[in-house]
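Okay, so here's the structure we're looking at.
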Amino acid sequence: MQVGGFGTMVIARDPGGTAFGVWQAGSHEGFQARTVPGAYNWAEVFTREPEKADSFFPAVFGYGVKRVEDDAIDFTLYDLGADPVLGRMKMTEDFPPEVPPYLNVYFTVADCDAAVEKAKALGAELRFGPLTIPFGRFASLTDPQGAPFSVIDNTTTGGDMPNVSDVS
């Protein structure tokens, strides 16, 4: 659908059922800020059918596929050359069966714990965390309408990307 002169968008689902959106710029090019407090940081596809996502997203968008080398999780990075653009996590039995596949967006915050407390005070529900990982301190929440999102403070970390292997 056309959004005035701003651009064109589509909302779709991958073959595993994950809803996502695509934007073709018009006068609004997209993100003006990234990885600064208050802005978009990262996104991950959470799916029970990783093989469908791992074939669909690279075929549609030309992504390279790099699997994270970790026996504890099934995680893949999609990239455009040296730049990772999207993660993919396999949903395990830790996810209740009624939780559908979804795209989780991470927003940068200056202080993860403070952001969680403010979000909870405004009606969000904490789902996981806060937890410190090599990329920063993060937490996963749902907003008052049930939409999932995460917050991450990665301004003080120097964590390297996980070990990955190219499978494309």
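The values are calculated or read from the model by the stated rules, or taken from the named source; none is laboratory data. All of these numbers come straight from a predicted model, not from anything done at the bench. Cβ sites come from the backbone with ideal geometry, for glycine too, and all protein chains shown count toward neighbours. For accessibility, only protein heavy atoms count, side chains too; no ligands or nucleic acids. Shrake-Rupley method; radii C 1.70, N 1.55, O 1.52, S 1.80 Å.
For the range 67-80, the condition of being farther than 24 Å from G136 by Cβ and either in a strand (DSSP E or B) or within 18 Å of the chain's Cα centre (by Cα) (or both) holds for none of the residues. Between F135, F128, F149, the distinction of being open to solvent by less than 90 Å² (accessible area, probe 1.4 Å), among the aromatic types (F, W, Y) and at pLDDT below 95 belongs to F135 only. Does F107 satisfy being open to solvent by 40 Å² or more (accessible area, probe 1.4 Å), assigned to a strand (DSSP E or B) and touching a residue at least 12 places away in the same chain (Cβ under 8 Å)? In short, yes. If you filter the range 35-51 down to residues that are of a type in the set (V, I, T) and in a strand (DSSP E or B), you find that the one that is nearest to G17 (Cα to Cα) is T47. Take the conditions aromatic (F, W, Y) and either in contact (Cβ under 8 Å) with a residue 60 or more places away in the chain or open to solvent by 30 Å² or more (accessible area, probe 1.4 Å) (or both) and apply them to F95. Does it pass? So F95 fits the description; yes. Within the range 1-16, the set of residues being surrounded by 10 or more Cβ atoms within 10 Å (Cβ to Cβ) and within 23 Å of the chain's Cα centre (by Cα) comprises G7, T8, M9, V10, A12, R13, D14, P15, G16.
Only residues that are touching a residue at least 60 places away in the same chain (Cβ under 8 Å) and hydrophobic (A, V, I, L, M, F, W, C): list them for the range 59-92, please. Passing the criteria: V65, V68, F75, L77.
The number of residues in the range 116-125 being assigned to a helix (DSSP H, G or I) and either open to solvent by 50 Å² or more (accessible area, probe 1.4 Å) or basic (K, R) (or both) comes to 4. Determine, yes or no, whether W23 is touching a residue at least 24 places away in the same chain (Cβ under 8 Å) and either open to solvent by less than 50 Å² (accessible area, probe 1.4 Å) or touching a strand residue (DSSP E or B) at 6+ places or on another chain (Cβ under 7 Å) (or both). Spelling it out, it is not the case that W23 is touching a residue at least 24 places away in the same chain (Cβ under 8 Å) and either open to solvent by less than 50 Å² (accessible area, probe 1.4 Å) or touching a strand residue (DSSP E or B) at 6+ places or on another chain (Cβ under 7 Å) (or both). Under the condition of being more than 20 Å from W23 (Cβ to Cβ) and of a type outside the set (A, V, I, L, M), the residues counted in the range 52-72 number 9.
Going through the range 31-54 one residue at a time, which ones are of a type in the set (A, V, I, L, M), farther than 24 Å from G7 by Cα and open to solvent by 20 Å² or more (accessible area, probe 1.4 Å)? The answer is V36, and nothing else.
The single condition among (1) farther than 30 Å from G129 by Cα; (2) hydrophobic (A, V, I, L, M, F, W, C); (3) assigned to a strand (DSSP E or B) that V22 does not meet is (1).
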